[in-house]
1. Taking into account only those residues within segment 137-155 that are surrounded by fewer than 20 Cβ atoms within 10 Å (Cβ to Cβ) and within 30 Å of G197 (Cα to Cα), which is farthest from the ligand (Cβ to nearest atom)?
2. Name the pairs whose Cβ atoms lie under 8 Å apart, with the first residue in segment 109-129 and over 16 Å from E90 (Cβ atoms) and touching a residue at least 24 places away in the same chain (Cβ under 8 Å), the second more than 10 Å from the ligand (Cβ to nearest atom) and of a type in the set (K, R), and 6 or more positions between them or separate chains?
3. Filtering segment 125-136 down to residues that are within 14 Å of the ligand (Cβ to nearest atom) and not in a strand (DSSP E or B), which residue is surrounded by the fewest Cβ atoms within 10 Å (Cβ to Cβ)?
4. Only one of (1) surrounded by fewer than 19 Cβ atoms within 10 Å (Cβ to Cβ); (2) touching a Leu at 6+ places or on another chain (Cβ under 8 Å) fails for N267. Which number is that?
5. Residue under question is F158, and the condition is that it be of a type in the set (A, V, I, L, M, F, W, C), within 8 Å of the ligand (Cβ to nearest atom) and closer than 21 Å to R246 by Cα; does it hold?
6. When you scan segment 189-197, do you find a residue that is touching a residue at least 24 places away in the same chain (Cβ under 8 Å), within 12 Å of the ligand (Cβ to nearest atom), in a helix (DSSP H, G or I) and closer than 19 Å to V287 by Cα, even just one?
7. Out of segment 81-124, which residues are more than 9 Å from the ligand (Cβ to nearest atom) and of a type in the set (V, I, T)?
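None of the figures in this text is laboratory data; all of them are computed from the coordinates on show. Since we're looking at a predicted model, the values are computed, not measured. Using ideal geometry, Cβ is built from the backbone for each residue, glycine included, and neighbour counts are taken over all protein chains shown.
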Amino acid sequence: MPSLTDYDPCQLRSELVAGGHNPTHAARILREYYRQNGRLDLVSIPVTRELRQHLQIHLLSRRSKILLKSAAMDGTLKLLVGFDDGAAVESVLMPSFRAGIAAGCVSSQVGCPMGCDFCASTRRGLERNLDPGEIVEQFLHLKEHADAMGRKLQTLVFMGMGEPLLNFEAVVTAIRRIADPNLGGLGWRQVTVSTVGIVPEIDRLAAENLNIHLALSLHAPDDATRSRLVPANRRYPVSEIMAAARRFETTTGRTPNIEYCIIRDVNDSPEQAEMLAGLMKDFRAHVNIIPCNPIGAGVSGTVYSAPLRERILEFLDILRSRGVVAHIRETRGDDINAACGQLREMANDNYVPLGS
Ligand code: SAH
């Protein structure tokens with residue numbers, strides 16, 4: 001059954017006309033629906049009884065339920081969002097250190113086909129793509145929970161399960177609804193798409209000119225290490241994804257972020273820091289160093305963990321001494337298994353249903 005998350009105003013107008021209803025209120029219905037986080041109170045809109053009934057029967061049911069909620073000591077809230085066919089994805093709400101705001105993280109696919117060795121989302125492979133409405137539903141759940149915390153959902157990253165650029169159309173359609181001032185109202189610049197580095201799709205995203213941010217999951221400056229961690233590197237090696245990141249900047253005027261999941265004795269050496277600095281030459285992109293969040297054995301059976309603090313600081317120092325803008329991005333929600341894909345695995349098939 002569809003819900004209002006499946007429509008933009010133009011589509012809703014056509015749907016209303018097809019059902020013999022006056023389409024005048026389509027835009028307003030959607031605006032109110034998003035404002036009320038997907039819980040439309042029809043009393044506030046002057047619609048006919050027939051249209052009210054039509055909306056109630058056909059479009060006002062949610063397509064997703066929160067199956068599990070898990071709150072960490074640091075305030076991070078992880079939601080397991082389930083759909084009618086039994087598929088489940090993770091969405092995360094991270095209260096900012098600044099009062100009154102929070103960041104959200106959504107999934108783009110159920111599972112993930114990329115096979116990155118340190119990531120839990122991919123251990124069971126790809127189940128299916130999400131459709132735009134299913135991505136928007138995650139946004140609305142996060143917005144509702146942020147409101148309940150007295151915070152504004154300020155930013156949204158596609159860093160949950162899946163590779164967003166392999167579900168390109170659904171992700172772009174969802175972003176159009178989420179960012180639209182008359183729908184989700186988040187704003188284009190508040191959205192970040194994170195990719196493992198699918199070169200043609202990075203160029204395609206740049207051509208869409210959406211004014212959104214791009215994050216590139218680099219994780220290693222050399223092809224040997226990167227291919228081990230990120231199998232997609234065999235198709236799109238470091239030099240090609242870095243060139244694509246630079247083209248993204250030239251085309252859109254928006255500088256990508258480089259994500260570097262730092263792993264003990266794998267990609268944390270001073271030599272690799274030097275190599276990374278070399279790759280960043282004349283490129284203003286920020287490097288986010290993310291200490292690896294251990295997930296146990298990865299796809300290959302290898303177990304990865306974060307380096308000691310001193311080692312991470314040494315890596316950071318080398319980058320900075322070479323003029324690279326770099327930060328350590330503290331992992332959030334460690335105590336609730338907040339690394340990608342861990343909640344779903346933990347929930348297994350025995351989750352505690354919480355209703356919606
Ligand atoms: N497929 C996309 C988006 C999803 S992963 C991408 O690769 O960018 C989002 C981010 O979380 C990526 O940078 C990914 O490498 C990182 N990540 C996955 N597992 C992690 C772990 N165990 N510890 C730290 N970061 C992890």
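1. Q154
2. Note: pairs meeting the criteria are D117/R228.
3. The residue in question is G125.
4. Just one mismatch for N267, condition (1).
5. Numbers: of a type in the set (A, V, I, L, M, F, W, C): yes; within 8 Å of the ligand (Cβ to nearest atom): yes; closer than 21 Å to R246 by Cα: yes.
Spelling it out, F158 is indeed of a type in the set (A, V, I, L, M, F, W, C), within 8 Å of the ligand (Cβ to nearest atom) and closer than 21 Å to R246 by Cα.
6. Checked against the condition, which is being touching a residue at least 24 places away in the same chain (Cβ under 8 Å), within 12 Å of the ligand (Cβ to nearest atom), in a helix (DSSP H, G or I) and closer than 19 Å to V287 by Cα, segment 189-197 yields no hits at all.
7. Hits for segment 81-124 are V81, V89, V92, I101, V106, V110.
Residue-by-condition table, conditions (1) part of a loop (DSSP other than H, G, I, E, B); (2) among the hydroxyl-bearing types (S, T, Y); (3) touching a strand residue (DSSP E or B) at 6+ places or on another chain (Cβ under 6 Å):
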| site | (1), (2), (3) |
| --- | --- |
| D203 | no, no, no |
| L216 | no, no, yes |
| H219 | yes, no, yes |
| Y236 | yes, yes, no |
| S239 | no, yes, no |
| F248 | no, no, yes |
